[in-house]
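Attaching a single structure in structure tokens format; questions to follow.
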Amino acid sequence: MNQHQSRIELVRARLPPYEPPPPWIPPQERVHHPDYNNDIREFLPRELILQRMRASEQLGFNIRGGQEHHCGIFVSKVMPNSEADKLGLREGDQILTVNQRDFTNIDHAEAVRVLKMNTTIQMMVRFFPYGYDRTYDKCKFLASNQQAER
């Protein structure tokens, strides 16, 4: 090989276990099926304004993800009857912005800091269950590797 040819290196990687696709649903049954929704409005970005009296008050929801996990910031839990719950925030929502600050490429700790330091939280969110499920992929992958090594 001369010095102008590039060298190709092979990389070995463990892949996550195969997951079969979901069951096929006939088109005429999809309208009434809870797992199949083709109403695009459910997935469009929406704005929520959460008001708290003091910055020390609970937010009413938990988040997961972040730049260090190679994904966005997602709502992982909404406390029942909280202000966030009443505003329609739900598990699987991706937080796109908070008070005009971009949350699509932010570390988890910084996202928590920004959310907790404000009493008025203007959020742009979108329901994105596929992205939210991806936040668990690393956990599933690590768990399957640990099982395989035993």
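The values are calculated or read from the model by the stated rules, or taken from the named source; none is laboratory data. What you are looking at is a predicted structure, and each value in this text was computed from that prediction instead of being measured. FYI the Cβ positions are ideal-geometry reconstructions off the backbone, even for glycines, and counts take in every protein chain you see. Note: areas computed on protein heavy atoms with side chains; ligands, DNA, RNA excluded. Shrake-Rupley method; radii C 1.70, N 1.55, O 1.52, S 1.80 Å.
Check which residues have an amide H placed less than 5 Å from D93's amide H, if you skip close sequence neighbours.
For D93, whose amide H was placed from the backbone, the distant partners under 5 Å are V75, F128.
So what does log10 I(q)/I(0) come out to for the chain at q = 0.14, 0.20, 0.21 Å⁻¹, using the Debye formula with one equal point on every Cα and no solvent?
Summing over Cα pairs of the chain leads to -0.83, -1.22, -1.29.
Using a 1.4 Å probe, what is the accessible area per residue for the stretch 32-76, in Å²?
Working: 3130 Å² over 45 residues.
On a per-residue basis, the stretch 32-76 sits at 70 Å².
Next up: Please work out the FRET efficiency for the pair I25 and L48, using the Cβ-Cβ distance as r and a Förster radius of 30 Å; give the result to the nearest 0.05.
Efficiency computed from Cβ-Cβ geometry: 0.45.
What does the helix-only formula give at 222 nm for the chain: each DSSP H stretch with n ≥ 4 adding -39500 (n - 2.57), the total divided by the residues, and the result rounded to the nearest 500 deg cm²/dmol?
Mean residue ellipticity, 222 nm, calculated: -6500 deg cm²/dmol.
Here's something else I'd like to know. At 7 Å along the Cα-to-beta-carbon direction for both D85 and D35, put a label point, then send me their distance in nm to one decimal.
Computed distance between label sites D85 and D35 equals 2.7 nm.
On to the next question. In a Debye calculation with equal point scatterers on the alpha-carbon sites of the stretch 70-142 and no solvent, what is log10 I(q)/I(0) at q = 0.18, 0.19, 0.24, 0.28 Å⁻¹?
-0.73, -0.81, -1.21, -1.44
For the chain, what % of the accessible area comes from carbon and sulfur atoms, probe 1.4 Å? All intermediate terms of the calculation are to be shown ahead of the outcome.
Details: 5970 of 11330 Å².
The C+S portion of the solvent-accessible surface of the chain is 53 percent.
Return the loop-located GluC sites (Glu not before Pro) in the stretch 30-93 (DSSP other than H, G, I, E, B) with at most 15 other Cβ atoms within 10 Å of their own Cβ; answer none if there are none.
Numbers: sites: E42, E47, E57, E68, E83, E91; in loops: E57, E91.
When the GluC sites (Glu not before Pro) of the stretch 30-93 are filtered for loop state and at most 15 Cβ neighbours within 10 Å, E57, E91 remain.
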